[in-house]
Amino acid sequence: MRTAQGSPMEVLCVTGVATSRLSGHHGCSRIHGTALLCPGRGPPPGRPDPGPDPAVWQQYHLPGNNLVTNQKKGEQEETMKTPLTRVEILSIYKVHGERVLLPERMALAPPDVREAIRGLAGDLRKAGGRLILSDLFRSHDMQLQAHLDWKSGKKKAYSPPPGGSMHEAGRAFDLSLRDLRIPLAEFWEMAERRGVFPIIGAPDRRKSEAWHFDCPGSHRRVADYYRAGRGDNMPPYKAMAVSAILAIGVRVDAFGDNQDAARLQASLIRLGYELGNIDGRIGRRTREAMEQAEIDIREPALAVARAEDLLQQRFAGEYRESSPMEEDLFDFLVPPHVLA
């Protein structure tokens, strides 16, 4: 960052819509008690210069959902996560016999997924059907409950434990097959044009998970990377889900205190670099990938921010919407009795 020596910074910790401010201390910042590198001053007092040593590098990490801002003279630099936006769409759930919008706790998705859903709903409406959802985003706790319900037999369809579902990133949705009103194979073709894909092998409504669709965006690159054998510590689909979950700042338990190192590795893979496994350990291959991406290993607190800058340039649609907001999922004719 271009902060003058000793100048304070503000740290905004963003979780959902709640925002809190923590002021800088002695020119460096602390987030939830974790000291970050001081702009213009090297490491925080009492902490060694990280240099290239991965063991020391791991001491510096940004906790999930942080927005780091340099307030001096209006300048701003952010460690930005993939944002979640509100999706307004009808659900299978009813109140007083009438269908209602998908509940707010589920109705969240990255901007590109929201646009895909909006576009797909419009396409389907023109074909005589309706896109009606039963599920979209799941929090860590919601995913855990779904997994426990499956284990207990309360839920028939398989739900993985937290850290393995695209629902946790707002990149998977479950729909009402009955309301499609077109052949499932036709819907698959329609969905693919919007970057939305099924997870079963054939368009058969009788199959479990025929209702489940993913909108992976750039995280599909991570699945392809693992499928090609460049990573081997987890299945390709799980690696894709891990990448997508980390991207929105949600914890993946498997990485313990190394969330940001894992997020950096997933980011580098999305950018096209090869480093082996996503494991949360910054080793030789990850450092080489960082050098190729021109990410300075000597400034670990800024490494994730630099990777995010590159991702936003490459995959802008995953960070902000591009379609006109005046398009409405509920843009249909008003029934005559309402106008009377």
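The values are calculated or read from the model by the stated rules, or taken from the named source; none is laboratory data. Please read these numbers as outputs of a predicted model, since none were measured by experiment. Cβ coordinates were reconstructed from backbone atoms using ideal geometry, including for glycine residues, and neighbour counts include every protein chain displayed.
Summary of values
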quantity: Residues located in region 97-115, provided they are in a helix (DSSP H, G or I) and not aliphatic (A, V, I, L, M); calculated: Pro111, Asp112, Arg114, Glu115
quantity: Filter pass, Lys94 being assigned to a loop (DSSP other than H, G, I, E, B) and out of contact with any Phe, Trp or Tyr (no Cβ under 9 Å at 6 or more places or on another chain); calculated: no
quantity: Out of Arg138, Arg114, sole residue that is at pLDDT 90 or above and touching a strand residue (DSSP E or B) at 6+ places or on another chain (Cβ under 8 Å); calculated: Arg114
quantity: Any chance Met234 is modelled with pLDDT of 95 or more and under 19 Å from Ala266 (Cβ atoms); calculated: yes
quantity: Failed criterion for Glu209 (all others in (1) part of a loop (DSSP other than H, G, I, E, B); (2) acidic (Asp, Glu); (3) not assigned by TED's automatic domain parsing to the domain that holds Arg118 hold); calculated: (3)
quantity: Identity of the residue in region 159-192, touching an Asp or Glu at 6+ places or on another chain (Cβ under 8 Å) and in contact (Cβ under 8 Å) with a residue 40 or more places away in the chain, that ends up surrounded by the most Cβ atoms within 10 Å (Cβ to Cβ); calculated: Arg171
quantity: Qualifying residue in region 261-273 (condition: touching a residue at least 40 places away in the same chain (Cβ under 8 Å) and farther than 30 Å from Gly119 by Cα); calculated: yes
quantity: Only listed residue being at pLDDT below 50, surrounded by fewer than 17 Cβ atoms within 10 Å (Cβ to Cβ) and not assigned by TED's automatic domain parsing to the domain that holds Ser91, chosen from Glu294, Glu321, Glu326; calculated: Glu326
quantity: Scan of region 116-169 for residues that are of a type in the set (D, E, K, R) and either in a helix (DSSP H, G or I) or at positive phi (or both), ordered by number; calculated: Arg118, Asp123, Arg125, Lys126, Asp141, Asp149, Lys151, Glu168
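One line per residue, one yes/no per condition, for (1) farther than 29 Å from Phe137 by Cβ; (2) small (Gly, Ala, Ser):
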position: Val242; (1), (2): no, no
position: Ile248; (1), (2): no, no
position: Asp253; (1), (2): no, no
position: Gly256; (1), (2): no, yes
position: Leu264; (1), (2): no, no
position: Ile269; (1), (2): no, no
position: Glu274; (1), (2): yes, no
position: Arg281; (1), (2): yes, no
position: Thr286; (1), (2): yes, no
